[in-house]
Amino acid sequence: MSLPTLTKVSSEHYNFHLIKDSLAEKDIDEIMKIQEKCFKEITSFLNVSPHFKINYYLLETPELVGKIYGDNDPCNGFANPPNEIYAVYNEKVKCIGYHEDAHIISYILNKPQSVFLREGLAMYFDKVWWNKSNDEWVRLLLKSDRYLSIIELIQNDFFLNHTDEITYPIAGAFVKYLIDRYGRELFISVYTFKGYDLIGEIERTYATKIEQIEDDFLDSILLSNLK
């Protein structure tokens, strides 16, 4: 598969690389508005000011994204630090919004060892997964006995061995709980932890055992459905 020739369109914080006459090129004005809004919200929350523009490559197929990624495994989108995003944009899949931008921008602070934490922050900004909130997905997973524990998900091998249909919304809902319950500053303290013992860091930061934090998290998920 040969790589297409791309044209570039720039906004304040992005360089968009587009296939000529593609849907992305047609929709670029709206895409720029969406991404600039995402950029503003993410940088404001993290209190960072990137000294680079994000190079956003909008491609027509997962196969093309996978080829550029290098493993030829079809992929809807990925972030390539420090400042590149490759994503599918077509009639059925429009991989734009917060997710990959949250990775690129948050890595200015730190790229945590835990995939769970990285994806949890990105999903916190996304808020929804396949038209349902992260919290709604956790309730459905609990009801169908497919919920996976936080203690296990924090371990990269476990997280990566399970489908993102389950892992991503749980991670997003848990990060939302930590931020809503304990505040932005404490969460950023955890996110910037550079070690491997994330469970220990969470327990030190929140002065609570991880089992209790998870119990409280699940209680909040179930109680919110009763309001």
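Read-outs: derived from the displayed coordinates by stated rules, not from any lab. Remember, it's a predicted structure, so these values are computed and weren't measured experimentally. Glycine gets a Cβ as well: all are built from the backbone with ideal geometry, and neighbour counts include every protein chain shown.
Points worth noting:
- Taking the criterion of being more than 19 Å from E25 (Cα to Cα) and either buried (at least 20 other Cβ atoms within 10 Å of the Cβ) or touching a Pro at 6+ places or on another chain (Cβ under 7 Å) (or both), the only residue of region 47-62 that qualifies is F52.
- Checklist (1) assigned to a helix (DSSP H, G or I); (2) farther than 19 Å from H103 by Cβ; (3) within 20 Å of the chain's Cα centre (by Cα) applied to A171, failing item: (2)
- Answer residue from region 50-75, given it is in a strand (DSSP E or B) and of a type outside the set (F, W, Y) and is nearest to I104 (Cα to Cα) among those: I54
- In region 89-164, counting only helices (runs of 4 or more DSSP H) that sit wholly within it, the ones holding 1 or more residues that are surrounded by fewer than 17 Cβ atoms within 10 Å (Cβ to Cβ) and not polar (S, T, N, Q) span 134-143, 150-153, 156-160.
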